[in-house]
Amino acid sequence: RGTGEPVVGLITKTDTNPFFVTMKKGAQQAADEQGVDLQTFAGKVDGDNEAQVQAIENLISFGAKGFLITPNDSKAIVPSIDRAKQADMLVIALDTPVDPPDAVDATFATDNFEAGRLIGEWAKAKFSTGGTQARIAMLDLNPNQVSVDVQRDQGFLEGFGVDIGDPARIGDENDPRIAGHDVTDGNEEGGRTAMENLLQKDPTINLVYTINEPAAAGAYEALKAAGREREVTIVSVDGGCPGVDNVAKGVIGATSMQFPIKMAQLGVEAIAQYAKDGTRPQNTAGKDFVDTGVQLITDDPQAGVEAKDSAWGRQNCWG
Amino acid sequence: MATTTADFETRRHDSFGLRVQHLLHGNPVLGPLAVLVVAIIAFSIVNVRFFSAANLSLVLLQVTVIATLALGQTLIILTAGIDLSAGAIAVFSSILMALFCTDAGMPAPIALLLGFACGTAMGALNGLLVTRIKLPPFIVTLGTLTIFFSLNAVVSNSETVRGADMPGLMTWTGQSIPIGDFRLSYGSIIMLLLFGFFAYALSSTAWGKHVYATGDDVEAARLAGIRTGRVLFSVYTTAGLLYAIAGWILIGRLASASPNVGTEYNLDSITAVVLGGTSLFGGRGGVIGTLIGALIVGVFRNGLQLAGVEVVWQGFAIGLLVLIAVSIDQWIRKVKT
Amino acid sequence: MATTTADFETRRHDSFGLRVQHLLHGNPVLGPLAVLVVAIIAFSIVNVRFFSAANLSLVLLQVTVIATLALGQTLIILTAGIDLSAGAIAVFSSILMALFCTDAGMPAPIALLLGFACGTAMGALNGLLVTRIKLPPFIVTLGTLTIFFSLNAVVSNSETVRGADMPGLMTWTGQSIPIGDFRLSYGSIIMLLLFGFFAYALSSTAWGKHVYATGDDVEAARLAGIRTGRVLFSVYTTAGLLYAIAGWILIGRLASASPNVGTEYNLDSITAVVLGGTSLFGGRGGVIGTLIGALIVGVFRNGLQLAGVEVVWQGFAIGLLVLIAVSIDQWIRKVKT
Amino acid sequence: MTPVLEAKNLTKRYGRVVAIDGSDLELLPGEILAVIGDNGAGKSSLIKALSGALVPDSGEIRLDGEPVRFRNPMDARSAGIETVYQTLAVAPGLDIADNLFLGREERRSGPLGTIFRMLDRKHMRSEARRHMTELGVGTLQNIGQAVESLSGGQRQAVAVARSAAFGSKVVILDEPTAALGVKEGNRVLQLIRDVRDRGLPVILISHNMPHVFEVADRIHIQRLGRRIAVITPQSHSMSDAVAIMTGAAPPPGE
Amino acid sequence: MTPVLEAKNLTKRYGRVVAIDGSDLELLPGEILAVIGDNGAGKSSLIKALSGALVPDSGEIRLDGEPVRFRNPMDARSAGIETVYQTLAVAPGLDIADNLFLGREERRSGPLGTIFRMLDRKHMRSEARRHMTELGVGTLQNIGQAVESLSGGQRQAVAVARSAAFGSKVVILDEPTAALGVKEGNRVLQLIRDVRDRGLPVILISHNMPHVFEVADRIHIQRLGRRIAVITPQSHSMSDAVAIMTGAAPPPGE
Ligand SMILES: Nc1ncnc2c1ncn2[C@@H]1O[C@H](COP(=O)(O)OP(=O)(O)OP(=O)(O)O)[C@@H](O)[C@H]1O
Ligand SMILES: Nc1ncnc2c1ncn2[C@@H]1O[C@H](COP(=O)(O)OP(=O)(O)OP(=O)(O)O)[C@@H](O)[C@H]1O
Ligand SMILES: [Mg+2]
Ligand SMILES: [Mg+2]
């Protein structure tokens, strides 16, 4: 240690999710290019705010120039970020914004509401061409109403044309097309169990929104076991390579791809820049964050919804 | 009973109530069973769809992995231990066997057996630490839990291995035989056979008696000439194998091997064991109770969703129901003495 | 020692080794302490920055909440119980006191006291279920854990309450007194005072003896005329209060009350207790060991990060180190007999 | 003379096992009442019912002629009934002094005791050593030893010392000399006489006939869960007693 | 005549407590050797060292003249030494038959036993009842009762029955009659004689001098952790023995 290179921190939600693993790889690559010393931290589980607070404390004590963080608790992390900023650090939120958003110097993120809205619009177009009445199952993350979960869920419903009520709350809609909500913890097992139970509750479900692609894969297994996989459309968000493969195989109808490597690279570059000459990054015009983009991937394109196919997706996927 | 007039006489004079007492006395699983039956009846009333063959087969399917884990957990808890690494071993084993037959290109049976061997070895590691260095099981398995989870993340690169990329044997446990509307998966069949096997081994073999004696009072068992170290080691090793089998069943269930599942497995499996009436202090209980305990949890989870209870309130309801279930069991036990 | 020539004689003939034995025999916390010292020395060698006043004060700050929770947990484990709801009570109490003084607009001292009262009541609920319905503590707190977490989500609407919106008293625990480079937070002071208080209460009051006797052998304690029900109830209730205080310290530490923290608190607090040498079977151990146990975990976490160990491998290293720490402790104990 | 302690028609069943089957007992003021009977005759169960350690299924208990209901050992203890159980009921991890004073610890005098509720450990320890020496247990090397590491007889002495020191109305001893050596056993017999001479009646369960015949004023014979006779050392010989107890001879008066 | 079992200069310390302080012991073929001594004299510790339950700090143990090292009770047991400990060492949750056969369960004959390793529960139960009846414990109402619910004496009978049934070289009994009734105690004495008559030597620890003098061939007197004398019932009277044991009289030959 002690190479004299400026220290840059990366604090992810967990260290087991492929999304963050990818993000870390991207950051490491950029750090090597920029000649900075990357220190990585992670929460023990999703939602583990305290580990992130400790990570910031450690970074302050290391004298880091700045750090990138995917906050586990958007609000609760803010006081720690304030302390870091007092120590003249550049703080960048990655993937998940903090609350209030201007507590950080910049946010490099997927517009999760937009990601949800894209698959919602696609599904709406598909169902209106098919002429069938939709029965929707909503497979969310967990009961905590975290921002990513809320934004994707509400974005999807908005895109599909459902009155979403309070856009900050999941489950306050009373559209009869929604057959039910359940939580998946964002993994295959949760996805399968939730799908199984919702199918028991309402066997006529034909459209499934999933918080991410592992949950989608689990939901597909449940549908397959019930013999309904052909009649049901699954939409998801992420753009991981297994997810894109599943689009190609017809398991997932459409998914919104996000770009974690880009997020991490932009973030590391911004801090390296700041370390060099003190310039701070600028937000995307009209948004309170730097939108790293989102791309709808489907092999069943619908009129009026811009999309790329799974071949393009394979080349640009992560993980 | 082998004997005697005395038995017979007391019995003859018994009131009906006392006979029920004796029945319960001889069959400690009746408590959990009563809870299960009540739960099933209650949920059937709330939602008629609950008590359909299709839904019940779903409940069985959903508890299969947890029940298999809880079987290993029961063995360990019977020896007054506890295993926090159960979920980690299962998930890590499933990742290993998946990687063996995909990345490493081994034939499926070999990959499977090697996966079992790895799970067994992980269990054996726990056993060694417990018996040789004489560390408390809680801390041993807490340590190996984090170790296995890290290794798991490193080895798998946190990436899911798809079932489609594996030979059919790996996902075979997920297939099922339809019996009318009831769909019995091979995984569930394996699980039930394992339960039968261990119910027998615990009640009718010398090994079973030694497990109970060791859990009851390890010092007394040692003085009575039981090699308690060997018994404990055999239990942890066996549990490791059972977890690996649970890992195999898990691959079938998810049609993939995912490194990110299973965070709740330990608590869930311990819950099943305790709901099934096995004492955390060792020496009392059995595996059939555990099976019922696992089913109770599965029935609650599924039943609440079908009853349309909101997700935030489901946790509340499950907590409450667990407490009520154990209270009922406790009440039934009280009648006994 | 009050007595006697016999003592004195054996002592006089003792070799140096035997004297060390006796020292360790009389002071069971020396084992964990040795582990802590070794860890500190090792990490200081790896990275000089570790053994700085600033960094050590950071470690103390980082363990404060866990240590306070582990204090309550120790009381319960001493009675042969276990509390899985510790983290949930702390977090729920912190949310409640935050909401009392923001949404409900109460004056800060009242909100704080009401928050403590709520935590105490939650502990008392555990105590009632354990003593009245005689349910096993594991299952009681498993049930209330999920109940409290759900209520927490419902009450808080899963939203974080910002410290900036609260009166200063609520976040006061996060402020600190600088002693040179060492920054001692008020939260840490409260925690240390609580440890002192309970170390005294356990070793030098009748209540403490009754806690030990109850944990040692509840039936014997009952026959000896101890109202074991009351003792248990007092322990669970006190633990609830301690968790609520931990919740207050948590608000200061995070400068906010967040409903989503604390999922790992139970395991962490139990780890601290066990590393501190308290037996999960009750009746053996004490709170000073727990403080050391909590510090061991904090030192490992911080030291590994400073040593530049990668995140995936940190879990591995912590698992390994926990095992090594307990092994060393075990080895020291062995010397004793 | 009203009996100090009286049990009428007590019954206790465990599932299919009958432990007490309509048993009576009377303890007169100032007497030593021995209870003898085969293994499993229900002696321990009977005195557990008297000391609140078990709640009988039916039957009545009277203390000084008043019906009482003990729901737990603490109830009986506050009524002045002190019991040494056959299983000893000691807290294995605590030391001798702690066990001796368990449930009625002595506090320091002054504010340390009243405000800080500090125990007077030194005094309790020296008292403990005194009690143990009084019982003839001189082999004790370390008064701070945990009770679990004591020899069988030493442990029994702890339990006996406790009851003798604290009984205020009735002292019940379930096989107090079983694990004791000759000298220690005799000391306990002496102790029992001392307690009686202090005016407290004693119930003594023992299988040791010489002991029983040495100290008892009356002997209650228990058989198959019920009292079948009450004799005195004057009216009957040891072999008569054993014969009645084992069923070899009919009980007197039948 | 080489002793069957011989201990030389055994020592065992627990921290500051000395339990065995350079003690010797010799057990000759076919004899009943009684070990007596005050409470805490180290009798139980001594025989625990002989049966592998504790590993002495120093000293030597010889079986049939060969030095042996028992690291655990199983070692001693496979060498044919069967022990009844003072703490009884029964598994409280198991029933009588299970405890009696613990560690050497009997399997069914035929494939059920060899392949399925099924226990012959029926046979073990009837054997258990036979053993208990042989010891005079006739009050047992339910042979399937868990041992923890037995009376003190019944529990002791289980432990004694086990050792008597299975000892093949030496039988060691640590206060086997302490909790037993008169009849049951006499049966155990008879059992001890029967075992001796089968050719097995027996070590009997007891505080009951009449019992000791009734059955013992030689009497080993333990005091403060060491053997201070070996006498015989013919050479000394009971009161001599007690005097030597308690230190009131000097050991013979000094
Ligand atoms: N908890 C219990 N469950 C079932 N049976 C029990 C229980 N407690 C006692 N018994 C039975 O009740 C009967 C009487 O037991 P008790 O302990 O009163 O006998 P005792 O006269 O004290 O014998 P001992 O002289 O051996 O101590 C015995 O047959 C015993 O097995
Ligand atoms: N584990 C232990 N730790 C500390 N001291 C012990 C331990 N075990 C035994 N001792 C001490 O060693 C001495 C001898 O004990 P031991 O049990 O051998 O006596 P004993 O002769 O069998 O007495 P008794 O007739 O009362 O059974 C006693 O003073 C006892 O307190
Ligand atoms: Mg008795
Ligand atoms: Mg002894």
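Every read-out reported here was derived from the displayed coordinates using simple, explicitly stated rules and does not represent laboratory data. Quick caveat, the model's predicted, so the values are computed rather than measured. Neighbour counts are summed over all protein chains in view; Cβ atoms, including those assigned to glycine, are modelled from backbone coordinates with ideal geometry.
Descriptive notes on the structure:
- Secondary structure note: in the protein assembly as shown, about 45% of the DSSP beta bridges are antiparallel.
- Value of Rg/Rh across the stretch C:260-325 [Cα atoms, Kirkwood radius]: 1.02
- Centroid-to-centroid separation of the stretch B:165-209 and the stretch A:224-242 [C-alpha atoms, Å]: 28 Å
- Spacing of the two label points (7 Å from each Cα toward its C-beta) at residue B:133 and residue B:307, in nm: 4.6 nm
- Entry for the stretch A:40-94 at q = 0.13 Å⁻¹: log10 I(q)/I(0) = -0.25, Debye formula applied to identical alpha-carbon scatterers, no solvent contribution.
- Based on DSSP H segments of at least four residues, each scored -39500 (n - 2.57), chain C has a per-residue ellipticity at 222 nm of -24500 deg cm²/dmol.
- Size-normalised alpha-carbon gyration radius of the stretch B:94-228, reference 2.2 N^0.38 Å: 1.35
- Residue E:2 paired with residue A:163, simple spin-label distance in nm, labels 7 Å along Cα-to-beta-carbon: 10.1 nm
- Angle between chain E longest axis and helix E:121-134 axis [Cα atoms, degrees, rounded to 10]: 40 degrees
- Position residue B:196, label points 7 Å along Cα→Cβ, spacing to each other copy in nm (shortest first, one decimal): 6.6
- Dividing the mean sequence gap of close Cα pairs (under 8 Å, 6+ apart) by how many residues the stretch D:157-254 holds gives a relative contact order of 20 percent.
- P(r), alpha carbons of chain D - 10 Å bins starting at zero, rounded %: 7, 30, 34, 21, 7, 1, 0
- When only alpha carbons are used to place a centre, the stretch D:211-254 and the stretch D:134-194 end up 26 Å from one another.
- Amide H contacts for residue E:229 (H built 1.01 Å from N in the peptide plane; partners 5 or more residues away or on another chain; cut-off under 5 Å): E:221.
- For the axis carrying chain E to chain D: nearest C-beta residue of E, whole Å: E:178, 2
- Cysteines in the protein assembly as shown lacking a second Cys C-beta under 4.7 Å: B:101, B:118, C:101, C:118
- Inter-label distance, nm, simple model (7 Å from Cα along the C-beta direction), residue B:281/residue E:134: 3.4 nm
- Of all beta bridges that DSSP places with both ends in chain E, some 60 percent have antiparallel geometry.
- With contacts taken as Cα pairs under 8 Å at a separation of at least 6 residues, chain A carries a relative contact order of 19 percent.
- Two tests apply to each whole DSSP H helix in chain B, Cα reach of 18 Å or more along its axis and mean Kyte-Doolittle hydropathy of at least 0.0, and the ones passing both are B:30-46, B:53-78, B:86-101, B:108-131, B:137-156, B:186-204, B:228-254, B:287-306, B:311-336.
- Cα-based equivalent ellipsoid of the stretch E:94-145: semi-axis lengths in Å, sorted from largest, via gyration tensor: 24, 9, 9
- Taking amide hydrogens as placed 1.01 Å from N in the peptide plane, the amide H of residue E:172 sits under 5 Å from those of E:82, E:83, E:84, E:203, each at least 5 positions away in sequence or on another chain.
- Calculated P(r) tail over 35 Å for chain A, as whole % of Cα pairs: 21 percent
- Length gained when the stretch residue B:175-residue B:46 is fully extended (0.36 nm per residue, less Cα-Cα span): 43.4 nm
- Cα principal axis extents for the protein assembly as shown, largest first, Å: 113, 77, 69
- 222 nm mean residue ellipticity, helices alone, for chain A (DSSP H n ≥ 4; -39,500 (n - 2.57); rounded to 500): -13500 deg cm²/dmol
- Spatial offset of the stretch A:179-215 relative to the stretch C:259-285 amounts to 35 Å, using the alpha carbon center of each.
- Counting every alpha-carbon pair across the stretch C:242-296, the share separated by more than 13 Å comes to 65%.
- Summing Lys and Arg as +1 and Asp and Glu as -1 over all other residues whose Cβ lies under 10 Å from the Cβ of residue A:319 gives a net charge of -2.
- Among D:127, D:214, D:60, residue whose mean-square fluctuation peaks in a GNM of chain D (springs only between Cα atoms under 10 Å): D:214
- The amide H of residue B:79, built 1.01 Å from its N in the peptide plane, has B:283 as neighbours under 5 Å, considering only residues 5 or more places off or on other chains.
- Cα extents of the stretch B:47-128 along the three principal axes, largest first (Å): 48, 38, 16
- Mean projected area in nm² (Cα convex hull; one quarter of hull surface) for the stretch B:28-332: 15.9 nm²
- Sequence ranges E:191-200, A:260-269, ranked by mean other-Cβ count within 10 angstrom, highest first: A:260-269, E:191-200
- Number of partner chain Cβ atoms within 10 Å, mean per residue of E:31-43: 5
- For E:62-72, mean number of other protein chain Cβ atoms within 10 Å: 1
- Mean separation of Cα pairs under 8 Å and 6 or more residues apart, divided by the residue count, gives chain B a relative contact order of 33 percent.
- Packing order of peptides B:47-56, C:233-242, highest average first: C:233-242, B:47-56 (average count of other Cβ atoms within 10 Å over each peptide's residues).
- Scoring D:37-50, A:58-71 by mean Cβ neighbours within 10 Å over their residues and listing the highest first yields D:37-50, A:58-71.
- Nearest beta carbon of chain C to the C-to-B rotation axis, with distance in whole angstrom: C:281, 4.
- Counting Cβ atoms of other protein chains within 10 Å of each residue's Cβ and taking the mean over peptide D:150-158 gives 5.
- Label-to-label distances for residue C:103 across copies, nearest first, come out at 4.7 nm, using points 7 Å from Cα in the beta-carbon direction.
- Between helix E:152-166 and chain E there is an angle of about 90 degrees, using the helix long axis and the longest principal axis of the Cα atoms.
- By the equivalent-ellipsoid construction on the alpha carbon gyration tensor, the stretch B:111-159 comes out with semi-axes of 22, 15, 6 Å, ordered largest to smallest.
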